[in-house]
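The values are calculated or read from the model by the stated rules, or taken from the named source; none is laboratory data. Owing to the predicted nature of the structure, the values given are computational and were not obtained by experimental measurement. No Cβ is skipped: glycine too gets one built from the backbone with ideal geometry, and neighbour counts run over all protein chains shown. Protein only, heavy atoms only, side chains kept; ligands, DNA and RNA dropped before computing areas. Shrake-Rupley method; radii C 1.70, N 1.55, O 1.52, S 1.80 Å.
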Amino acid sequence: MAPTALLSVSDKQGLVPLAEGLLQHGYRLLSSGGTAAALAAAGLPVTRVADHTGAPEILGGRVKTLHPRIHGGILARRHDPSHQADLEAQAIDPIDVVVVNLYPFRQAVADPAVSWETAVETIDIGGPAMVRAAAKNHDDVSVLTDPRQYPGFLAALAAGQVDQSLRRQLALEAFQHTAAYDGAISAWLADRLGVERPEGPDGGEEVSLRLELPLRQTLRYGENPHQRASWYGRSDGGWGAARQLQGKELSYNNLIDLEAALATVREFGYGPGDRADAASPAAVVIKHTNPCGVATGEDPAKALRRALAADPVSAFGGIVALNGPVDREAAEALTSLFLECVVAPSFTPEALERLSTKANLRLLELDPAAISAVEGRQLRSVLGGVLAQDGDHQPTAAADWQVASERPPTAAEMEDLAFAWRVVRHVRSNAIVVAQAGQSLGIGAGQTNRVGSAQLALAAAGDRSRGAVLASDGFFPFDDTVRLAASHGITAVIHPGGSLRDADSIQACNSLGLAMLITGRRHFLH
């Protein structure tokens, strides 16, 4: 008896070449609905499921493959005499390969206007049942759930290497596929029903966290070459939806730094409606998750040149994010030094032509819609568990800031303080930012005391600190940072306040002629 392959796919990419390959290896093709039509249109011999089972599709297509001749053929153990006896008695042919990918539920509900009825009809029933059945019986059945698996499977088939090891791997990927699918459905239902965080029995937050993300890529290594690493993520939002236009494969560290770069540049808007209170062309250079150069400008190219000039030594080998289209002028700036990655909403053809001379430079085009599709709580692993928190992306509430000094900030200082405050929330604590005229001049990050961070930031700014402002992500515990800032020519400072010694720092500002703003909100970043 010829082996049988059952094909029922929504994503028909690679379907015909796969079917042709199976036919060449003596398989009989069994299919239903649109898949059968696609195979017949390609001139391939195919048996329709309804003809195979003797039962027509019913309920408008809701029931097609839910039949003993399908599931018995998939689930029967080949070396179990009782199973073989049942197949014989029921005239059921074994099914050896199952090729199924599911109704595009995620794509359907990506449209905010999708109706409840349309979304529900896009929930696949027969597909997951066949996938799970084939994956359960992986000792005897191969299950393919992704067109990317087809070439490798055909190669293994040609080499006679469709063995237990391969079938087990395919089974794992199949269960990951159905788990992610069910997760997408439950997440959509929870969202539509307004159930963001189900309460536990004590009235607190949810008592368990369920996270289903498919494996997107096995990375070359993690933070260091001796560490293994993988990237799990959705393909319809976030970095999984970014288009890599050129360059080497993304690394673990690239992705971590890209996340920091995007978060920082979004302070100045990234597409329509994003941080509309501060929308202006902006560019960010990141090194080891910290910004080393941030600037605004009349256009993306000018903002980029100013960001690179903020700390050109640290910019070498950095990650760049822009919140506007990269044109040829911006591309010229990007080719002026070695960089790892660039992310932006779009790149002009002229920019891509210029940047093609930097073949290893990774270019990512990330649509603003891909960000809003996946925004949610931030997760971080700890030993034996996961921490979850809301993102620190509330709008800057300048109207709530308090002038603590005798002298209020000038209009120019106020603009500089607002800019520095936007930047400092993206610097690892203890964090200090020196800035002026929409450009960071010096950044002190991650020190174990605040005055140490200030010393680094002021040293990096050098003479440019005269007439500039200084922002601190946390309060000044003593007046030493204020006095150090004044000695370098800083004219105004901004911090959350709340120290028992706030009065000492305020008095220092008054005696030295500095203006001070207190925001009432800190921005620690660990």
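Here are some notes:
- Residue satisfying condition, being in contact (Cβ under 8 Å) with a residue 12 or more places away in the chain, surrounded by fewer than 19 Cβ atoms within 10 Å (Cβ to Cβ) and of a type outside the set (S, T, N, Q), within set Arg243, Arg234, Arg266: Arg243
- Residues of the stretch 432-450 classified as buried (at least 18 other Cβ atoms within 10 Å of the Cβ) and over 30 Å from Asp299 (Cα atoms), total: 2
For every residue, the table says whether it meets (1) within 16 Å of Arg216 (Cα to Cα); (2) at pLDDT below 80; (3) of a type in the set (D, E, K, R); (4) in contact with a helix residue (DSSP H, G or I) (Cβ under 9 Å, 6 or more places away or on another chain).
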residue: Val162; (1), (2), (3), (4): no, no, no, yes
residue: Leu166; (1), (2), (3), (4): no, no, no, yes
residue: Gln169; (1), (2), (3), (4): yes, no, no, no
residue: Leu172; (1), (2), (3), (4): yes, no, no, yes
residue: Phe175; (1), (2), (3), (4): yes, no, no, yes
residue: Gly200; (1), (2), (3), (4): no, yes, no, no
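- Per this entry, Arg425 is counted among residues that are open to solvent by less than 20 Å² (accessible area, probe 1.4 Å), at pLDDT 90 or above and in contact with a His (Cβ under 6 Å, 6 or more places away or on another chain).
- Selection from the stretch 7-49 of residues that are of a type in the set (S, T, N, Q), under 23 Å from Val162 (Cα atoms) and surrounded by 22 or more Cβ atoms within 10 Å (Cβ to Cβ): Ser8, Ser31
- Among residues of the stretch 342-361 that are at positive phi and in contact (Cβ under 8 Å) with a residue 24 or more places away in the chain, none has a Cβ under 6 angstrom from a residue that is open to solvent by less than 40 Å² (accessible area, probe 1.4 Å) and of a type outside the set (Gly, Ala, Ser) at a sequence gap of 6+ or on a separate chain.
- Restricted to helices (runs of 4 or more DSSP H) entirely inside the stretch 1-111, those with at least 3 residues that are modelled with pLDDT under 90 and closer than 30 Å to Ala373 by Cβ are 33-41, 105-109.
- Flag for Phe476 being of a type in the set (A, V, I, L, M, F, W, C) and either closer than 18 Å to Asp392 by Cα or open to solvent by 50 Å² or more (accessible area, probe 1.4 Å) (or both): no
- Among the candidates Arg466, Arg501, the residue that is at pLDDT below 95, over 13 Å from Ser405 (Cβ atoms), among the basic types (Lys, Arg) and surrounded by fewer than 16 Cβ atoms within 10 Å (Cβ to Cβ) is uniquely Arg501.
- Listed by position, the helices (runs of 4 or more DSSP H) inside the stretch 236-328 whose residues that are of a type outside the set (Lys, Arg) and in contact with a strand residue (DSSP E or B) (Cβ under 6 Å, 6 or more places away or on another chain) number at least 3 are 252-265, 300-310.
- Within the stretch 300-322, the set of residues being under 17 Å from Leu441 (Cα atoms), open to solvent by 10 Å² or more (accessible area, probe 1.4 Å) and not aromatic (Phe, Trp, Tyr) comprises Lys302, Arg305, Arg306, Leu308, Ala309, Asp311, Pro312, Val313, Ser314.
- Scope the stretch 291-334; condition among the β-branched types (Val, Ile, Thr) and free of Cβ contacts under 8 Å to residues at least 24 places away in the same chain; matching residues: Val313
- Matching residues in the stretch 504-518 - criterion: being touching a strand residue (DSSP E or B) at 6+ places or on another chain (Cβ under 9 Å) and surrounded by fewer than 22 Cβ atoms within 10 Å (Cβ to Cβ): Ile506, Asn510, Ile518
- Residues of the stretch 133-178 classified as assigned to a helix (DSSP H, G or I) and under 28 Å from the mean Cα position of the chain (by Cα), total: 16
- Answer residue from the stretch 50-80, given it is touching an Asp or Glu at 6+ places or on another chain (Cβ under 8 Å), among the hydrophobic types (A, V, I, L, M, F, W, C) and touching a residue at least 40 places away in the same chain (Cβ under 8 Å) and is surrounded by the fewest Cβ atoms within 10 Å (Cβ to Cβ) among those: Val63
- Among residues of the stretch 332-357, those that are more than 24 Å from Ala369 (Cα to Cα), in a helix (DSSP H, G or I) and open to solvent by less than 20 Å² (accessible area, probe 1.4 Å), counted: 3
- Number of residues in the stretch 102-140 that are among the β-branched types (Val, Ile, Thr) and in contact with a strand residue (DSSP E or B) (Cβ under 6 Å, 6 or more places away or on another chain) equals 1.
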